[in-house]
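J.: Can you read through this structure? Questions will come right after.
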Amino acid sequence: MSNKATLEINGEKHEFPLVVGTENEVGIDIKTFRAATNGVVTLDPGFKNTGSCESGITFLNGEQGILRYRGYAIEELADKADFLEVAFLLIFGELPTKDQLEKFHSDIKGQSIVDDDVKKIIDAFPKTAHPMGVLSSLTSALTAFNPSSVNVDSEEDMYNSVVRILGKFPVLVAWTMRKKQGLPLDYGDNSLGYVENVLQMMFKKPNQDYVQNPIIIDALDKLLILHADHEQNCSTSTVRIVGSSHAGLFASLSAGISALWGPLHGGANQAVIEMLEAIKEDGGDTHKYMAKAKDKTDPFRLMGFGHRVYKNFDPRARIIKKSADDVLADLGIEDPILEIAKGLEAEALSDDYFVKRKLYPNVDFYSGIIYRAMGIPIEMFTVMFALGRLPGWIAQWREMRLNKEPIGRPRQIYTGETLRDFKSINNR
Ligand code: CMC
């Protein structure tokens, strides 16, 4: 294969080098495009064809349904690793040794106190506030309580900010839920594992002990691993682009949380359960909703289906579907919406509309069913996604800063009015 791409504009030929990744993905390097073509730009709304960076963190092949973190298959990580190991792997590039993992966890625990004044900020939110809005605000507010900006050239500084946010973020997650439920805003227990501590902080009632359930710990650990990174998705690209202006880590993460909130992205896990509930309330007629999803005059979409990159089964969905079955069976829960979900999936997989467009269940199709079985309120589902995605956002932010990427600033093709004369207000 030639290592150049040639483009002809108005009879003039321009050559651009090809970039080949370690998995043989090919890109056309257009860094010099605008200068070489005298001001021509590429136009790609939604960045469907645009690589925004070179990255060594996550490999995903949507056609073959492959997802790997730092070269390790997601199936193997979900089966054999725990969430903190995966967080270390994503952020620092290698699986930790036993000593590194112990130190990492101990350093995170050392940072697990959030300034008590943050509670005043939470108190100012109405109980009706959506937890994602609260979480995004609190993450941004952490900047005020931890003002030192990261010296990205100092490994120590970088490490300290990583453990600081990994320590404080679960506290904020728990507080957003407890605020809504009118429960006291407590701290965790440093004798517990990372995921056990999250569960205890979320669910412990002031007047009784919280009894840990190994099935729930294991299922949550898996869910967090499966959500931990997904290369240049909407929220991760947001984190990178905000960080590219040299805004701090917490500010960049806060923007990522806002991006994740939308129902086309992380908010889909909440939207899936709302959709399945609505179908149940409406008599459970899945055909009716399949028809709505296919009707181009109806805005309804089958939530939890389709993906920008996966044009094959989302490998995370396979693992989560099995986990949903196991968790519900282990906990002895019969959830009628699981049957509706399976019915929709079976119909969609054999329906021409979905088959032709390569629309398969995505990670969010079954995750909400597990969260619900764990007793997590529906509005908290996307917050749980954020908790899982945190190491990925950090890893991508760190990579972007260490690679000294330039500030993100796309161009546009202007389609508005050309120059016109100002009309005074009485002549309009
Ligand atoms: N239900 C019905 N039709 C769909 C759906 C769906 N869920 N998703 C895509 N389509 C159709 C779409 O109407 C279009 O049809 P046509 O070619 O006739 O115009 C075609 O499939 C391609 O869709 P698109 O919107 O151009 O694809 P996209 O890559 O821009 O969007 C998506 C990807 C995930 C936003 C979209 O599939 C969707 O809205 N899905 C539902 C929301 C959802 O589950 N989001 C979670 C994504 S996974 C979690 C995460 O990482 O964020």
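Bear in mind these aren't lab numbers, they're just calculated from the coordinates by the rules spelled out. Computed from a prediction, not measured in an experiment: that's the story for all the values here. Cβ sites come from the backbone with ideal geometry, for glycine too, and all protein chains shown count toward neighbours.
J.: Once every Cα of the chain carries one equal point scatterer and solvent is ignored, give the base-10 log of I(q)/I(0) from the Debye formula at q = 0.06, 0.07 Å⁻¹, two decimals.
T.: The Cα Debye sum returns log10 ratios of -0.28, -0.38.
J.: Ranking request for peptides 185-194, 387-396, 371-380: highest mean number of other beta-carbon atoms within 10 Å first, then the rest in descending order. Walk me through the numbers before you get to the answer.
T.: Numbers: 185-194: 15.6, 387-396: 26.4, 371-380: 18.8.
Going by the mean number of other Cβ atoms within 10 Å, highest first, we get 387-396, 371-380, 185-194.
J.: If you look at just the Cα atoms of region 30-114, how large are its Rg and its Dmax in Å?
T.: 19.3, 56
J.: Now a separate question. Regarding region 273-428, what whole-number volume in Å³ per residue does the convex hull of its Cα atoms give? The partial results should precede the final answer.
T.: On the way: hull volume 38.3 nm³, N = 156.
Measuring per residue, one finds 246 Å³ for the Cα hull of region 273-428.
J.: How big is the C-alpha Rg of region 164-307 next to the rule-of-thumb value 2.2 N^0.38 Å, as a ratio? Could the numbers behind the result be given before it?
T.: Numbers: Rg = 18.8 Å, N = 144, 2.2 N^0.38 = 14.5 Å.
Dividing the Cα Rg of region 164-307 by 2.2 N^0.38 Å gives 1.30.
J.: Now for a separate question. Using amide H atoms built in the peptide plane, which far-off residues or other-chain residues are under 5 Å from F305 H to H?
T.: N362
J.: Further question: Quick one: 3J(HN,Hα) in Hz for region 414-428, Karplus 6.51/-1.76/1.60 with θ = phi - 60°, rounded, Gly and Pro as x.
T.: Working through the residues one at a time gives 6, 10, x, 4, 7, 4, 9, 7, 5, 9, 5, 4, 6, 9, 8 Hz.
J.: Still on this model: Express in whole angstrom the spacing between the alpha-carbon centres of region 127-205 and region 375-428.
T.: Value for the Cα centre distance between the two parts: 23 Å.
J.: Step through the residues of region 5-11 one at a time and calculate ³J(HN,Hα) from phi using the Karplus curve (6.51 cos²θ - 1.76 cosθ + 1.60, θ = phi - 60°), rounding each to whole Hz and writing x for Gly and Pro.
T.: 10, 10, 10, 10, 10, 6, x
J.: Pop a pseudo-label 7 angstrom from the Cα along the beta-carbon direction at both K404 and S148 and give the gap in nm to one decimal.
T.: Rounded to a tenth, the inter-label distance reads 2.5 nm.
J.: Nearest 500 deg cm²/dmol is fine: what mean residue ellipticity at 222 nm does the chain get from its DSSP H runs of n ≥ 4 alone, each adding -39,500 (n - 2.57), divided by its residue count?
T.: -16000 deg cm²/dmol
J.: Quick one: work out Rg over Rh on the C-alpha atoms of region 92-158, Rh as Kirkwood radius.
T.: A ratio of 1.08.
J.: If you take every residue apart from D221 with its C-beta less than 13 Å away from the C-beta of D221, what net charge results, scoring Lys and Arg +1 and Asp and Glu -1?
T.: -3
J.: Now for a separate question. Hey, can you rank 16-29, 82-95, 248-261 by average C-beta count inside 10 Å, highest first? Display every interim value, and only then the final one.
T.: Details: 16-29: 12.5, 82-95: 20.9, 248-261: 23.6.
Peptide ranking by packing, descending: 248-261, 82-95, 16-29.
J.: If you don't mind, there's one more thing I want to ask. Return the distance in nm (one decimal) between the two label points of a simple spin-label model at D325 and T32, each offset 7 Å from Cα along Cα→Cβ.
T.: 5.6 nm
J.: Right, something else. What residue among T128, A141, F92 has its Cα farthest toward the positive end of the dipole of region 15-155, where the charges are +1 on Lys, Arg and -1 on Asp, Glu, each on the Cβ?
T.: Farthest towards the positive end: T128.
J.: So which of K180/K204; K48/K356; K120/K168; K222/K356; K31/K404 end up more than 21 Å apart, counting from Cα to Cα?
T.: Beyond 21 Å: K222/K356.
J.: Could you sort the peptides 401-413, 57-69 by per-residue average Cβ neighbour count (10 Å cutoff), highest mean leading?
T.: Answer by packing, highest mean first, reads 57-69, 401-413.
J.: Please give the Cα centre distance for region 1-24 versus region 221-288, rounded to the nearest Å.
T.: Going from one Cα centre to the other spans 35 Å.
J.: According to the Cα gyration tensor, what semi-axes, each the square root of 5 times an eigenvalue, does the equivalent ellipsoid of region 291-374 have, listed from largest to smallest in whole Å?
T.: 24, 14, 10
J.: Mind listing the phi-derived Karplus ³J(HN,Hα) values for region 394-407, rounded to whole Hz, using 6.51, -1.76 and 1.60 with θ = phi - 60°, and x for any glycine or proline?
T.: Working through the residues one at a time gives 4, 4, 6, 5, 5, 4, 4, 6, 5, 7, 6, 5, x, 4 Hz.
J.: Starting from the exponent 0.38 and prefactor 2.2 Å, build the expected Rg for region 119-198 from its residue count and divide its actual Cα Rg by it. It would help to have the intermediate numbers written out before the result.
T.: Numbers: Rg = 14.1 Å, N = 80, 2.2 N^0.38 = 11.6 Å.
Its radius of gyration relative to the 2.2 N^0.38 Å reference: 1.21.
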